[in-house]
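The values are calculated or read from the model by the stated rules, or taken from the named source; none is laboratory data. Since the model is a prediction, treat every value here as computed from it, not as a measurement. With ideal geometry, Cβ positions are generated from the backbone for all residues, glycine too; neighbour counts draw on all protein chains shown. Surface areas here come from the heavy atoms of the whole protein model, side chains and all, with no ligands, DNA or RNA. Shrake-Rupley method; radii C 1.70, N 1.55, O 1.52, S 1.80 Å.
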Amino acid sequence: MEVRIFDNKENLGEVMAEILCSRVIAKPNLTFGFATGASPLPVYGNLIEWYKSGRVSFKDITTFNLDEYCDLPRDDKNSYYTFMHENLFNHIDVKEENINFLNGNAENFDKECNRYDCLIRDKGIDVQLLGLGRNGHIGFNEPSTKFTKDCFRVKLSDSTIAANSIYFDENPMPHYALTMGTASIMRSKEIFMIATGESKKDAIYEMINGDISPLCPASVLQLHPNVHVFIDLEAAKRL
Ligand code: F6R
């Protein structure tokens, strides 16, 4: 696990975007796994800059997002579909038909998860971006007694609901989501994690120095051969 510590999230975003763009330039039809939340925003901002200045094209990439809330209309302002379009997809030349999301409004969640798993297995994720929950979650794989495998429907933890409910000013935050499982994430060829701010310092410490345990789902990344952890000084406080 490579750990890089940056002075601030702006520097982190610039460096990671440069690396991600170099991956796309080397392999234009790269498959990305994308994350939502505050952490990747500086990276997405810089990817947009790279595209707008003509240094990279995303026209042949495929994307899979990690997770999506259940029972929230796709065009709700808090859906992850909307988040990704507003913060990245609407500003670059990725093709809409190459963008993949879990459907949190599917009639049959098992079938929907199976559909997504098959697509991911078929394409294979080259580069997966991850944020880190304060409780050590990756995707929406919450702390638990055993590691998860493929995509599944999850009841969000109190910690996640507390962290994300700040974005829900009109409607209550959903308590369920569909998420890629731990094994789906671990099958990615290369993983970039972003964690910034003091609220992540305990999870970062546990992920890197703790036992490999489903009580800190991110600790499983210790077993992945190609993980890059990008953090700021605040998140690095306990290292
Ligand atoms: C989002 C996701 C989550 C977030 C995590 C950190 O797609 O999968 O694991 O990455 O909750 O969220 P932020 O970045 O908002 O602190």
Filtered hits (aspartates and glutamates, Cα-Cα < 13 Å from Lys77, offset >= 8 within chain) -> Glu68, Glu86, Asp169, Glu170
Would you mind getting the accessible area per residue of the chain, heavy atoms of the protein chains only, 1.4 Å probe, in Å²? 45
Surrounding net charge for Ile212, when Lys and Arg each add one and Asp and Glu each subtract one, Cβ distance under 15 Å: -1
Once you charge only the Cβ atoms, +1 for Lys and Arg and -1 for Asp and Glu, what is the size of the charge dipole of the stretch 1-156 about its Cα centre, to the nearest 20 debye? 300
For Lys52, list the lysines whose Cα falls under 23 Å from its own Cα; do not include residues on the same chain fewer than 8 positions away. Lys9, Lys27, Lys95
Please give every one of the lysines within straight-line cross-link reach of Lys149, meaning a C-alpha to C-alpha distance under 16 Å, and leave out same-chain neighbours fewer than 8 residues apart. Lys111
Whole-percent carbon and sulfur contribution to the accessible surface of the chain (1.4 Å, no ligands, DNA or RNA) stands at 48
Kindly point out, ordered by number, any Cys in the chain whose beta-carbon has no other cysteine beta-carbon under 4.7 Å away. Cys21, Cys70, Cys118, Cys216
